[in-house]
Amino acid sequence: MTRVLLDANALMMPVELDVRVFDELDRLLGGPDDPSRPTGAVLGAPAGGQSDMERTAAIRAEADPDQSSVGVGADSDPGPASSEDGTVDSGIDGVTLLVPTAVVRELEELSGSHGEEAVAASVGADLADERCRALPHEKTHADDAVIEIATDRRAVIDFVLTNDRALRERLHARGVPVICLRGHDQLTITNP
């Protein structure tokens with residue numbers, strides 16, 4: 001099982017940079033193509049669920065009623081659910097997505113403001129809740145929590161997903177592989 005730790009920047013990418021984060025993670029890390037997957041299904045999205053873009057459009061429409069929605073109905077599947085053992089189904093075969101509680105708090109604080117950053121943070125908080133397992137941590141600064149968890153041998157983190165350059169450099173200095181944006185809409189793995 002591949003374990004990926006996400007920061008706030010990564011969870012805000014669907015709105016801020018129009019990046020299909022979970023589709024890209026599925027392309028980069030997901031298991032082999034599943035022949036039982038329905039034709040036309042969005043990779044990384046649960047069957048009958050919303051893609052990153054549909055979810056982003058729905059949340060944007062709630063935040064700004066003047067924007068049009070992509071046709072997401074009220075009866076849509078809300079996304080992956082927690083299993084009996086408390087893990088969250090990321091929607092990506094063989095991948096567990098984790099987020100420090102400090103990152104969740106940062107997203108909640110940012111979503112309380114106004115503008116595009118608030119919408120991006122609100123979407124990021126929803127994605128963290130739906131697709132990631134929260135990791136309790138004593139650090140209150142999100143980047144410090146990411147660094148400490150990523151370098152803790154007991155946590156066994158395979159990659160950190162971030163597009164924050166300073167955090168990426170700190171992680172590489174500690175020998176942690178990072179998944180980040182390459183070009184306009186593709187993720188790539190960078191090794192220290």
SER76 being closer than 22 Å to ASP23 by Cβ, of a type in the set (Ser, Thr, Tyr), modelled with pLDDT under 95 and within 14 Å of the chain's Cα centre (by Cα): no
Restricting segment 160-192 to residues that are hydrophobic (A, V, I, L, M, F, W, C) and either part of a loop (DSSP other than H, G, I, E, B) or free of Cβ contacts under 8 Å to residues at least 24 places away in the same chain (or both), the residue that is farthest from CYS132 (Cα to Cα): ALA173
Any hit, segment 100-107, residues being assigned to a loop (DSSP other than H, G, I, E, B) and crowded, with 18+ Cβ neighbours inside 10 Å: no
Any hit, segment 144-154, residues being over 12 Å from ALA10 (Cβ atoms), out of contact with any Lys or Arg (no Cβ under 6 Å at 6 or more places or on another chain) and of a type in the set (Ser, Thr, Tyr): no
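Just to check your reading of the model, which residue among ALA118, ALA142 is surrounded by fewer than 21 Cβ atoms within 10 Å (Cβ to Cβ) and aliphatic (A, V, I, L, M)?
Details: ALA142 fails: surrounded by fewer than 21 Cβ atoms within 10 Å (Cβ to Cβ).
Going through ALA118, ALA142 in turn, the sole match is ALA118.
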Conditions (1) within 11 Å of VAL103 (Cβ to Cβ); (2) modelled with pLDDT under 95; number of the one not met by THR162: (2)
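Check ILE179, ILE149 and return the single one that is closer than 19 Å to ARG20 by Cβ and not hydroxyl-bearing (Ser, Thr, Tyr). Steps first, answer last, please.
Numbers: ILE149 fails: closer than 19 Å to ARG20 by Cβ.
From the options ILE179, ILE149, the qualifying one is ILE179.
The values are calculated or read from the model by the stated rules, or taken from the named source; none is laboratory data. Not measured: the values here are computed from a predicted model. Quick reminder, even Gly has a Cβ in these numbers, built from the backbone with ideal geometry, and neighbours come from all protein chains shown.
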